[in-house]
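Take a look at the structure below.
The values are calculated or read from the model by the stated rules, or taken from the named source; none is laboratory data. Predicted model only: the values in this text are computed from it and were never measured. Note: ideal-geometry Cβ built from the backbone for every residue, glycine included; neighbour counts use all protein chains shown. In case anyone asks, the SASA skips ligands and DNA or RNA and just uses the protein heavy atoms, side chains included. Shrake-Rupley method; radii C 1.70, N 1.55, O 1.52, S 1.80 Å.
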Amino acid sequence: LFGQYDQSLGASVFWLGWLGPRSRSRVSIIMDREDEDFYRSLEERVQFIQSFRPNPRDVFKVGLSVSMIDVETFTPDPGEIPDAQGIMLELWSDWKWDRTNDPIKPTTGYYLKLSGTISPPWGLSESPYGKLQVDGVRFQALSENFILAGRMRAGASQTMGEATDLLPNRRFYAGGYNTMRGHSRRRLGPTDSTDDPRGGQFVALAGVELRFPLFWLLAGAA
């Protein structure tokens, strides 16, 4: 994966049915680099993910990762988010309920996702923290060509142990096509004295849009 702000390189192996007929296990080795206006980070991560499907449309995942992180912040403000270099242990899980009529191009129904992460203060994490986030989307067909889509997100995080603040690559950001259209990427939220996005410990987003076809494969949204 190569983007303007994020570059990732990794390899994974997976196997099916270890803990049940609808389960999948995966082990990955990933190197992830972020180059933002506010910070630069390099993370080398080994992770294990176990997923379960109680039915074909719902999925529950649990994961464990151990990372070697190197985070450098760029800000003229004293007492801002600290740099970090060391090991990060994280345990996480998420559950997604899908009640849409089509998993690729839904027109009615909803889906809900609940996710949580904890980096425990057991001496294995550079900056221990806990995070909880819930996302929900609702679709309603007004006619054959007009779809009303509503979306919400709420999240909270908290440092643990002796950590003084969340690392910048573990904070919440908002703004851009995948969080809130009409705002530039990561520009909906706190900034530092040089107007660079610094993220936050909490997030609350809600929006609604009307989707409609234009021509060929193109669609519009208001």
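Couple of notes before you dig in:
- Each listed q (0.16, 0.23, 0.24 Å⁻¹) maps to a log10 I(q)/I(0) for region 65-168 from the Debye sum over equal C-alpha point scatterers, namely -0.78, -1.15, -1.21.
- Among the protein heavy atoms, those of Phe48 account for about 70 Å² of accessible surface (1.4 Å probe, every chain in place).
- Region 150-222: chymotrypsin sites (Phe, Trp or Tyr not before Pro) in DSSP loop, at most 10 other beta carbons within 10 Å: Tyr177, Phe215, Trp216
- Here Ala204 and Val46 are evaluated by their C-beta separation; at R0 = 41 Å the FRET efficiency comes out at 0.80.
- The largest accessible area among Glu126, Glu90 belongs to the first residue in Glu126, Glu90, and the rest follow in falling order (1.4 Å probe, all chains).
- Listed residues Asn101, Asn169, Asn178, most fluctuating in the chain (Gaussian network, C-alpha, under 10 Å): Asn178
- R0 of 22 Å, Cβ-Cβ distance Phe14-Ile87: FRET efficiency to nearest 0.05: 0.30
- Per residue, the accessible area of the chain comes to 59 Å², computed with a 1.4 Å probe over protein heavy atoms only.
- Counting 0.36 nm for each residue step from Asp195 to Ser115 and taking away their Cα separation leaves a gain of 25.8 nm.
- Site pair Met152 and Arg211 shows an inter-label distance of 2.0 nm when each label is modelled 7 Å from Cα along Cα→Cβ.
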